[in-house]
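Novice: Before I ask anything, let me first share the structure, which is written out below as structure tokens.
Computed from the coordinates by the stated procedures, all read-outs in this text should not be read as laboratory data. In this text, all values refer to a predicted model and were calculated from it rather than measured experimentally. Ideal geometry is used to build each Cβ from the backbone, glycine not excepted, and the neighbour counts take in all protein chains shown.
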Amino acid sequence: MKPFDLQRADSLTHATQLVAPENARALAGGTNLIDLMKLQVETPGRLVDVARLGMTQIEDTDEDGLRIGALATNTDTANHARVRSDYPVLTRAILAGATQQLRNRATTGGNLGQRTRCYYFTNIDQPCNKRDPGSGCGALNGIAKLHAVLGASAQCIATYPGDMAVAMAALDATVEIAVNGGNTRTVPLRDFHRLPGDTPWRDNVLAQGELVTAVTLPAPVGGRQLYRKVRERSSYAFALVSVAAVVDMAEGKISRADLAFGGLAHKPWHNPRLSELLVGKIPSSELFDEAADLLLEDARGYGENDFKIPLVRRTLTAVLAEATETEL
Ligand code: SF4
């Protein structure tokens, strides 16, 4: 690990000032950043410890939603009574990720900011445009089992590795961000993470000097909430494919279908046309096939990850069948 300067922020404004320099990183639970520093994938000159800024509360909003502080641990969020009762897809997604020990340390903000698990990104001897811009992409003609089939670019085919944010995308959450200078701004979670394009080193829309302060969930919508994660082993593995679904029925027809997908792209994948297709229709295997066709119309595999395309089709069909109690 390379030497770095450790600073402790004593206020939010102080923290945004401290993280403003290009080589500064905020440190919360440290479950991803410290690992990357040990591998010399991340070599910040300054770490800003934000752990004493509070931001651990999970509280009701005036709109009957829920505001989850950026430093609330994943364990506290998953176990919160209102999350369990009103947003169970979020509890399920968090509990599908990592281990209990990691969830005890990992935070809301840190989870959103976690970096790809692309093997070439975490090996400094390999080319990687995300870690070392202009060096190439080792995964394009290499080991790409975990990699994207949607929204990739010629520069990078990495996936966002998290589960929590996939559920938050299905729930249409909003990210609150503190801006250097004391202001705040909000971004729909569905727009928080980026596609790689020509700048794959930028994972999300946070600018240097900005910090996530909370994620707000809208008022609960009811319906069936499912999170299905397909992975190579039953725990402590990243999603090959995951589906978060908030689905409701009225008079035999689908009245709500908010879907988001993990393991497919550089961000939690949400296609609003899926909801438009499904809502108002009687559920059937033909309809679910149509939804999968729509989801995958621009999908492309890179050899090793070709299997994801039929896998996400089957997973989406199974989730929709369970959520609508449809016999296939
Ligand atoms: Fe790097 Fe992205 Fe290519 Fe992986 S897929 S090697 S993260 S540029």
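Novice: Where in the stretch 152-176 is the amide nitrogen less than 13 Å from a point lying 7 Å along the Cα-to-Cβ axis of Val205?
Specialist: So the set is 173-176.
Novice: Further, regarding this structure: Would you mind computing, in nm to one decimal, how far apart the modelled labels at Ala51 and Tyr236 are, each placed 7 Å from Cα along Cα→Cβ?
Specialist: It works out to 2.2 nm between the two label points.
Novice: So how far, in whole Å, is the C-alpha centre of the stretch 99-116 from the one of the stretch 14-88?
Specialist: 8 Å
Novice: Here's something else I'd like to know. State log₁₀ I(q)/I(0) for the stretch 224-324 at q = 0.09, 0.12 Å⁻¹ as given by the Debye formula over alpha-carbon point scatterers of equal weight, solvent excluded.
Specialist: Log-scaled intensity ratios, in q order: -0.21, -0.37.
Novice: How much length is gained if the chain between Asp198 and Lys145 is pulled fully straight, taking 0.36 nm per residue apart and subtracting their Cα-Cα distance, in nm to one decimal?
Specialist: Computed gain between Asp198 and Lys145 is 16.9 nm.
Novice: Also, quick follow-up: Full-extension gain between Ala250 and Ala154, please, as 0.36 nm times their residue separation minus the C-alpha to C-alpha distance.
Specialist: Residue separation times 0.36 nm, minus the Cα-Cα distance, leaves 30.2 nm.
Novice: Please report, in debye to the nearest 20, how large the charge dipole of the stretch 1-102 is about its Cα centre when each Lys and Arg carries +1 at its beta carbon and each Asp and Glu carries -1 there.
Specialist: I would put it at about 440 debye.
Novice: Further question: Quick check: pseudo-label points 7 Å beyond the Cα along Cα→Cβ at Thr184 and Thr99, how many nm apart are they?
Specialist: 3.5 nm
Novice: Between His14 and Arg314, what is the FRET efficiency for a Förster distance of 45 Å, r being their Cβ-Cβ separation, to the nearest 0.05?
Specialist: Calculated transfer efficiency: 0.35.
Novice: Right, another one. Between beta-carbons, use under 14 Å as the cut-off and find the net charge around Gln7, counting Lys and Arg +1, Asp and Glu -1.
Specialist: With Lys, Arg at +1 and Asp, Glu at -1, the neighbours total +1.
Novice: Shifting gears a bit: Using each residue's phi in the stretch 75-86, evaluate 6.51 cos²θ - 1.76 cosθ + 1.60 at θ = phi - 60° and report the 3J(HN,Hα) Karplus result to the nearest Hz, with x for Gly and Pro.
Specialist: Karplus-based 3J(HN,Hα) across the stretch 75-86 equals 5, 5, 5, 4, 8, 4, 4, 6, 5, 5, 8, 9 Hz.
Novice: Would you mind checking which residues have amide H under 5 Å from Leu66's amide H? H placed 1.01 Å from N; only 5 or more apart, or other chain.
Specialist: Thr61, Leu217
Novice: Here's a follow-up. Within the chain, what is the number of lysine pairs with alpha carbons under 24 Å apart, leaving out pairs fewer than eight places apart on the same chain?
Specialist: Here the count comes out as 13.
Novice: Along the stretch 150-157, what does the Karplus equation 6.51 cos²θ - 1.76 cosθ + 1.60 (θ = phi - 60°) give for ³J(HN,Hα), rounded to whole Hz, x for Gly and Pro?
Specialist: These are the phi-based 3J(HN,Hα) values: 9, x, 7, 9, 5, 8, 7, 10 Hz.
Novice: Another question, then. So what's the back-of-envelope 222 nm ellipticity for the chain, counting only DSSP H runs of four-plus at -39500 (n - 2.57) apiece and dividing by all residues, rounded to 500?
Specialist: Counting only the DSSP helices, I get -7000 deg cm²/dmol.
Novice: Here's another thing I want to ask about it. What distance in nm separates the simple spin-label points at Asp60 and Leu6, each placed 7 Å from Cα in the Cβ direction?
Specialist: In this crude spin-label approximation the distance works out to 4.0 nm.
Novice: Distance between Cα centroids, the stretch 124-174 to the stretch 248-300: provide it in whole Å.
Specialist: Centre-to-centre distance over Cα atoms comes out at 23 Å.
Novice: Kindly give Rg over Rh for the chain, based on alpha-carbon atoms, with the Kirkwood expression for the hydrodynamic radius.
Specialist: Result: Rg/Rh = 0.97.
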